[in-house]
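Student: Below: one structure in structure tokens.
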Amino acid sequence: MVSRTFASLSLLLAGLGASAADAASPPPAYAVTGRIAGADGGWDYASVDPASGRLYVARSNAVMMVDLATAKVTDTFVKAQRAHAVLPIDKGRTLVETDGQTGLVRFIDAATGKVRVEVPTGIKPDAAFLDSATGRLVVMNPGSNTVVLLDPVQYGMVGRIDVPGGLEAGAGDGKGKAFVNLEEANALAEIDLVAGKLIRTIPLKGCEGPTGIAVLGGGSRILSACANGVATVVDAASGALVQTLPVGHDPDAVIVDEARGMAFVPSGQDGTLTMIRIADPAHFTVTGTIRTQAGARTGAVDPRDGRIYLPTALMARGEGGSHHAAAEPGTFVVLVVSPTR
């Protein structure tokens, strides 16, 4: 009994030592290592499907697909009308695309690009995510001021929640709740996905125009990227602001690499990618900034190797990296940002 207790204590201490070592180890370093050219046109959210090794980018008139093993580009994997989000689900067998112009969420066969089902959800469906706790597909409709819940197996709508304030990106906490940035209200909406109701709205002090979001630290922290060059960190339980971090201006996403304990904020106006260490939920740390390109405001990470993919294009003179800026013809690329250590 004594020896067993001693062995358990030794394992516990060893585990604590390993955790401390991880926290003390230097953060990964990154650099722009490649460029993947694509067709002209606008872009929005991107995603990586590690099961198939594909990158998907929502474009103004299509879903673009890149085979990451060969860098082969399919500019029009499936036609779209102002695509905003594209998500691989069902182990990569199905794509979910939000079609902003038609008001549809479309379920697509990832093997063929054929549309299986189209579901009307409201005006301008935009950001979307698959909630791990409820299995629901959560879609933000800023044109209707609604958050819609879909069954991704039966392809049916199972809930609609009124949430005014300019809906942007959202993320689940893994426990049946979700948080959504409200760009116009400069606030955060907390939603009960099980009950299908808005719980509360949390003001984001010092944040103007929150867009990208991540729920981190086992659901205890919400990181929001703001247009005015900061990212706020809010305690999920109390709603209190616990940190304000410097980032670039006009971001539209927060890209999370849980395996490497990092989050990234791509900023379209400044053309930067801010690196944030998230290993310690009590204190996030900005570890550096990578020069990317004006317009690079969204992106996705490949969890297999940590590479980050940022769609962008050269902006018309004087327009910077604004969400609504016009791109120069023949300049669309996906930047590849790779870990260098």
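Student: Which one, (1) 17.3; (2) 21.2; (3) 18.5, gives mean projected area of the Cα convex hull in nm² as derived from the coordinates shown?
Tutor: So the structure-derived entry is (3).
Student: Taking only Cα atoms and a 10 Å spring cutoff, compute GNM fluctuations for the chain and point out the largest among 197, 91, 177.
Tutor: So, out of 197, 91, 177, the one fluctuating most is 91.
Student: Run the helix sum for the chain: -39,500 (n - 2.57) per DSSP H stretch of 4+ residues, divided by residue count, reported at 222 nm to the nearest 500 deg cm²/dmol. Each step should come with its number before you reach the end.
Tutor: On the way: 1 runs with 23 residues, N = 341.
Helices in the chain give a 222 nm mean residue ellipticity of -2500 deg cm²/dmol.
Student: While we're looking at this one, here's another question. What is the percent carbon and sulfur in the accessible area of the chain, measuring with a 1.4 Å probe over the protein chains and ignoring ligands? Write out the running numbers ahead of the final one.
Tutor: Details: 7720 of 14440 Å².
With neighbouring chains kept in place, the figure for the chain is 53 percent.
Student: Something else about it: Step through the residues of region 181-190 one at a time and calculate ³J(HN,Hα) from phi using the Karplus curve (6.51 cos²θ - 1.76 cosθ + 1.60, θ = phi - 60°), rounding each to whole Hz and writing x for Gly and Pro.
Tutor: So the Karplus estimates, Gly and Pro as x, are 6, 10, 5, 7, 8, 6, 8, 10, 9, 9 Hz.
Student: Still on this structure, please answer the following. For region 198-211, just list the computed ³J(HN,Hα) in residue order, Karplus coefficients 6.51, -1.76 and 1.60, θ = phi - 60°, integers in Hz, with x standing in for Gly and Pro.
Tutor: Values per residue, Gly and Pro as x: 7, 8, 6, 10, 10, x, 9, 5, x, 10, 10, x, x, 10 Hz.
Student: Here is a further query. Would you list, by chain and number, the lysines whose Cα falls below 21 Å from the Cα of residue 91, excluding same-chain residues fewer than 8 positions away?
Tutor: Within the straight-line cut-off, residue 91 pairs with 114.
Student: GNM, the chain, Cα, under 10 Å: largest mean-square fluctuation among 300, 225, 240?
Tutor: Taking springs between Cα atoms under 10 Å, the residue moving most is 240.
Student: Starting from 0.36 nm per residue, how many nanometres of slack lie between residue 81 and residue 304 once their C-alpha separation is accounted for?
Tutor: Numbers: separation 223, 0.36 × 223 = 80.28 nm, distance 3.10 nm.
Value of the extension gain: 77.2 nm.
Student: Another question, if that's okay. For residue 221, list long-range residues whose amide hydrogen, built 1.01 Å from N in the peptide plane, is under 5 Å from its own amide hydrogen.
Tutor: It is 216, 236, by chain and number.
Student: Helix 2-24 versus the longest principal axis of the chain: what is the Cα-based angle in degrees, 0 to 90, to the nearest 10?
Tutor: The two axes meet at around 50 degrees.
Student: Arranged from highest to lowest average of other beta-carbon atoms within 10 Å per residue, in what order do the peptides 149-160, 228-239, 256-267 appear?
Tutor: Values: 149-160: 15.8, 228-239: 18.2, 256-267: 21.9.
The densest-packed peptide leads the list: 256-267, 228-239, 149-160.
Student: Moving on to the next point. To the nearest 20 Debye, how big is the dipole of the chain about its Cα centre, given +1 on the beta carbon of each Lys and Arg and -1 on that of each Asp and Glu? Spell out each step's value before the answer.
Tutor: Numbers: 29 positive and 33 negative charges, 123 e Å.
That gives the chain a dipole magnitude of about 580 debye.
Student: Using a probe radius of 1.4 Å on heavy atoms only, what accessible surface per residue do you get for the chain? Whole Å² is fine. Don't jump to the answer; show the numbers that get you there.
Tutor: On the way: 14440 Å² over 341 residues.
For the chain, the per-residue accessible area is 42 Å².
Student: Also, I was wondering about something else. Starting at the first residue of region 46-52, write each ³J(HN,Hα) from the Karplus equation 6.51 cos²θ - 1.76 cosθ + 1.60 with θ = phi - 60°, in whole Hz, x for Gly and Pro.
Tutor: Here the 3J(HN,Hα) series is 10, 8, 10, 9, x, 5, 9 Hz.
The values are calculated or read from the model by the stated rules, or taken from the named source; none is laboratory data. Since the model is a prediction, treat every value here as computed from it, not as a measurement. Here the Cβ is made from the backbone with ideal geometry for all residues, glycine too, and neighbour counts use every protein chain on show. When the accessible area is computed, the model is the full protein with side chains, heavy atoms only, and any ligands, DNA or RNA have been set aside. Shrake-Rupley method; radii C 1.70, N 1.55, O 1.52, S 1.80 Å.
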